[in-house]
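The values are calculated or read from the model by the stated rules, or taken from the named source; none is laboratory data. From a predicted model like this one, the values you see are computed outputs, not experimental measurements. Here the Cβ positions follow ideal geometry from the backbone for every residue, glycine too, while neighbour counts run over all protein chains shown. Heavy atoms of the whole protein, side chains included, go into the accessibility calculation; ligands, DNA and RNA do not. Shrake-Rupley method; radii C 1.70, N 1.55, O 1.52, S 1.80 Å.
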Amino acid sequence: MPAGPATSSPANSDNKLNAWRHREWLEADGLGGYASGTAAGIQTRRYHALLLTALQPPTRRCVLVNGCEAWVETPAGRFALSSHDYNPEVVHPDGVRHLVSFSTNPWPTWTYQLPDGLQIRHELFVPRGKSAAVLRWSLAPDSKRPAYSVTLKVQPFLSGRDYHGLHHENPDFQFAPVAVKDGLVSWQPYRDSPLILAGHNGRYEQRPEWFRNFLYRQERERGLDFSEDLASPGNFQWDLQAAPAVWLLTLDSPLGLTQTGPVDDRFWDVLSQRETQRRAQFASPSTWGADAYLTRRGTGQTIIAGYPWFTDWGRDTFIAIRGLCLATGRLSEARQILLAWSKCVSKGMLPNRFPDSGRVPEYNSVDAALWFVVAVFEFLELAGSTNLISDAEELDLVEAVEEILRGYHTGTRFGIRCDSDGLLACGQEGVALTWMDARVGEWTVTPRIGKPVEIQALWINALRIGESLELRGQDWRASLENFLAKFWLEEQGHLADVVDNGHQAGEVDGTLRPNQLLAVGGLPFPLLEGDRARRLVDTVQSQLWTPVGMRTLTPQHPDYRGHLIGEMRERDLAYHQGTAWPWLLGPFVEAWVRVRGDSPATRQAARQQFLVPLLASLDNSDNGPLHIPEIVDGDSPHTSRGCPFQAWSLGEYLRLDLDVLA
């Protein structure tokens with residue numbers, strides 16, 4: 001870390017620091033890349049960056065500009081407008097002390113106040129469809145213009161690394177710019193890294209230096225490597241008295257973003273007005289937040305499972321699409337997504353994920369294809385009365401459904417097959433096929449081999465959908481009859497989690513988990529109704545419900561873990577053994593409403609009892625885009641864990657808000 005002023009402070013010196021460190025923001029580019037960070041301006045993850053781009057959308061993500069150091073110089077001295085965590089437990093410089101407000105509406109905006117009252121505003125947004133970030137510093141409009149000079153200086157931090165990796169000082173980094181022109185500087189950190197373009201309306205001075213030992217607190221909490229070195233090739237300088245400072249970070253020429261010419265305040269006005277108009281079209285913070293997950297793949301569309309580290313996953317896509325697209329009326333995007341995935345059916349299965357490196361998809365999920373069938377059915381129900389989809393495209397979707405049903409009926413990978421009782425068996429040692437897929441080394445934490453309960457709910461729904469699409473296939477009624485006979489546990493008042501456990505006939509795993517909710521809510525056709533359904537929902541609510549998600553295991557079980565903390569092994573053990581998942585509120589609330597008659601009064605009661613507490617737990621005070629995390633601790637205070645921005649969490653909230661409880 002370079003020498004700095006003596007105002008560096010211990011990490012615990014400011015009461016607002018920890019709260020603002022934990023409040024994260026996201027600006028997604030619609031290509032798989034993004035800018036992300038915290039309200040404090042301190043990077044706490046290896047994934048926080050100003051320019052993180054997907055070189056092969058939405059994969060091959062690369063961190064190019066990790067962050068920056070910014071300060072102003074006045075006759076009274078130097079005042080920091082940024083802060084960073086460094087080892088060992090030092091915050092430097094002290095920009096967070098000058099930070100008086102932060103908002104995400106309409107995009108991340110920080111306001112800093114100098115000792116004499118002068119306020120400086122810093123703004124950042126990512127234009128949709130471009131690998132770029134546009135930043136601006138200006139004297140706050142309601143701040144009295146000073147009689148003295150105000151010089152802004154900014155040092156970029158570069159790496160050029162894979163987004164999962166970390167960067168360390170090395171002799172191969174290329175500090176020298178590729179080009180320096182009026183208003184434009186470019187660098188290529190390594191021979192195999194992309195060219196970084198920085199447009200500006202100030203002056204640039206080459207001053208290469210390494211900044212060492214950045215501390216990423218969230219990585220440390222996750223039991224991962226957490227220290228990084230970053231390179232700064234020089235600094236930019238602006239006179240804020242003369243004009244606002246505009247700084248563009250991109251892979252593209254500035255002319256690729258706007259035809260206004262140089263990067264200056266007019267450039268900012270054109271782009272910001274365009275982006276303001278785009279964001280104003282969203283009806284609510286939740287529909288605005290949903291936009292971040294809709295992303296390009298090739299010439300089509302897909303859904304990012306979560307930021308900052310997930311790409312597009314099959315299961316997540318087809319659960320999330322129902323809220324992100326169908327409930328919000330974005331049927332055109334849903335059509336593109338479903339048609340793109342329909343071409344990926346193999347032996348009746350759909351991929352669970354496309355790896356970042358390589359093009360071979362991973363077919364290792366029993367439920368991804370079944371969730372696809374549900375999404376296709378609901379899409380066709382909505383699009384049937386429109387001209388949105390052609391007959392040929394509808395046929396493509398229906399044929400994909402038919403191939404899935406046929407493949408599962410006759411048998412496919414990993415022992416997935418329709419058994420003689422009409423139920424779907426699946427699984428083999430060492431492979432986790434359901435959504436509860438955590439592993440510790442070669443050991444699967446929740447193997448669920450046999451006939452998992454939610455897989456039967458999805459399978460029987462898929463069979464009923466096949467019948468509604470006039471496809472030939474087995475009769476779902478016999479499957480439903482056997483399901484009810486084998487899964488209901490009368491004494492416990494709920495369904496078994498797995499029957500024929502381990503492929504052993506008659507072996508039952510009666511553990512209380514939330515997977516059984518899909519037999520009552522969350523799917524088009526409930527399998528369980530009447531008194532049994534009510535007993536199930538009441539039992540699940542009493543033991544698994546939290547205000548921000550459903551626990552994955554009853555606290556009464558000896559394997560229950562209420563906090564997802566510690567080294568990676570400890571966290572994986574807790575992932576589906578007590579950790580609560582917000583996406584499961586969708587099936588739960590729908591089940592709760594169904595067993596109470598699904599009246600307007602019941603819907604309103606559910607909204608007050610379940611959605612209001614969820615929203616109260618989220619930081620949405622400035623009406624910026626709403627995001628919901630991947631997971632939270634099962635025990636109070638239900639601290640957010642995992643991905644801070646998760647597609648199916650928000651998708652199920654939207655499905656409840658705009659459909660189930662509408």
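Points to keep in mind about this one:
- When region 520-558 is filtered for residues that are in contact (Cβ under 8 Å) with a residue 12 or more places away in the chain and either basic (Lys, Arg) or on the phi > 0 side of the Ramachandran plot (or both), the ones remaining, listed by number, are GLY522, ARG532, ARG534, ARG535, GLY549, ARG551.
- Among residues of region 505-524, those that are in a helix (DSSP H, G or I) and more than 11 Å from ALA591 (Cα to Cα), counted: 2
- Selected residue [part of a loop (DSSP other than H, G, I, E, B) and open to solvent by less than 50 Å² (accessible area, probe 1.4 Å)] from VAL374, VAL431: VAL431
- Given (1) outside any strand (DSSP E or B); (2) open to solvent by less than 70 Å² (accessible area, probe 1.4 Å), number of the condition ASP142 does not satisfy: (2)
- Answer from TYR148, TYR163 - the residue that is among the aromatic types (Phe, Trp, Tyr) and exposed (fewer than 13 other Cβ atoms within 10 Å of the Cβ): TYR148
- Count of residues meeting criterion [farther than 17 Å from GLN155 by Cα and either of a type in the set (A, V, I, L, M) or assigned to a loop (DSSP other than H, G, I, E, B) (or both)] in region 170-199: 12
- Criterion: surrounded by fewer than 20 Cβ atoms within 10 Å (Cβ to Cβ), assigned to a loop (DSSP other than H, G, I, E, B) and more than 20 Å from the chain's Cα centre (by Cα) - qualifying residue of ASP659, ASP635: ASP635
- Criterion: among the hydrophobic types (A, V, I, L, M, F, W, C) and farther than 19 Å from LEU51 by Cα - qualifying residue of LEU135, LEU118: LEU118
- Scanning region 346-401 for residues that are of a type in the set (A, V, I, L, M, F, W, C), at pLDDT 95 or above and touching a strand residue (DSSP E or B) at 6+ places or on another chain (Cβ under 9 Å) yields VAL366, ALA368, ALA369, LEU370.
- Residue within region 301-311 that is farther than 27 Å from PRO524 by Cβ, of a type outside the set (Phe, Trp, Tyr) and part of a helix (DSSP H, G or I) present: no
- Selection count, region 104-139, where residues are over 21 Å from GLY30 (Cβ atoms) and outside any strand (DSSP E or B): 5
- The residue that is most open to solvent (accessible area, probe 1.4 Å), counting only those in region 113-139 that are among the polar types (S, T, N, Q) and over 30 Å from GLN301 (Cβ atoms), is GLN113.
- Residue list for region 444-477, restricted to those being touching a helix residue (DSSP H, G or I) at 6+ places or on another chain (Cβ under 7 Å), open to solvent by less than 10 Å² (accessible area, probe 1.4 Å) and not aliphatic (A, V, I, L, M): GLY450, PRO452, GLU454, GLN456, TRP459, ASN461, GLY466
- Only residues that are over 19 Å from the mean Cα position of the chain (by Cα) and in a loop (DSSP other than H, G, I, E, B) were counted in region 33-86, giving 8.
- Against the criterion of being assigned to a strand (DSSP E or B) and either over 27 Å from SER227 (Cα atoms) or touching a His at 6+ places or on another chain (Cβ under 7 Å) (or both), SER101 qualifies.
- Counting only residues that are in a helix (DSSP H, G or I) and open to solvent by 40 Å² or more (accessible area, probe 1.4 Å), region 394-420 holds 11 of them.
- Any pair with Cβ under 6 angstrom, 6 or more apart, that starts in region 56-77 at a residue that is within 15 Å of LEU249 (Cα to Cα) and ends at one that is of a type in the set (Lys, Arg): VAL63/ARG161
- Looking only at region 377-393, and only at residues there that are open to solvent by 50 Å² or more (accessible area, probe 1.4 Å) and not in a loop (DSSP other than H, G, I, E, B), the one that is nearest to THR328 (Cα to Cα): LEU382
- Contact map, region 433-460: residues that are on the phi < 0 side of the Ramachandran plot paired with residues that are basic (Lys, Arg) and modelled with pLDDT of 90 or more, Cβ distance under 7 Å, separation 6+ or inter-chain. Pairs shown: THR434/ARG448; TRP435/ARG315; MET436/ARG448.
- Taking region 478-501 as the range and being open to solvent by 40 Å² or more (accessible area, probe 1.4 Å) and over 25 Å from ARG464 (Cα atoms) as the test, the residues that pass are GLU490, GLU491, GLN492, ASN501.
- Residue in region 580-592 that is of a type in the set (D, E, K, R) and under 30 Å from PHE102 (Cβ atoms) present: no
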